[in-house]
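The values are calculated or read from the model by the stated rules, or taken from the named source; none is laboratory data. Just so you know, these numbers come straight off a predicted model, no measurement behind them. Ideal geometry is used to build each Cβ from the backbone, glycine not excepted, and the neighbour counts take in all protein chains shown. We work out accessible area using only protein heavy atoms, side chains counted, and drop any ligands, DNA or RNA first. Shrake-Rupley method; radii C 1.70, N 1.55, O 1.52, S 1.80 Å.
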Amino acid sequence: MLGWAITFFIIAIIAAVFGFGGIAGAATGIAQFLFFVFVALLVISLIANALRGKSPKV
């Protein structure tokens, strides 16, 4: 999912360079949303592992 966020961020940067403001804004919004979903899932996963008593694997 983080890969999708990075992809949409790159699309937004390319669209902004070429002057496509609407496309750049939409891609930036999607990338930002996916990034926060990724962070939320990471936090939930860490909390779930902590409650189970397992140490996170690195």
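Within segment 20-41, the set of residues being open to solvent by 60 Å² or more (accessible area, probe 1.4 Å) and small (Gly, Ala, Ser) comprises just one member, Gly22.
If you go through segment 42-58 and keep only what is open to solvent by less than 90 Å² (accessible area, probe 1.4 Å) and either modelled with pLDDT of 75 or more or part of a helix (DSSP H, G or I) (or both), you end up with Leu42, Val43, Ser45, Leu46, Ala48, Asn49, Ala50, Gly53. Selection of first residues in segment 32-55 that are free of Cβ contacts under 8 Å to residues at least 12 places away in the same chain and farther than 26 Å from Ile10 by Cβ and of second residues that are among the aromatic types (Phe, Trp, Tyr) and open to solvent by less than 60 Å² (accessible area, probe 1.4 Å), restricted to Cβ pairs under 8 Å at least 6 apart or on distinct chains, gives an empty result.
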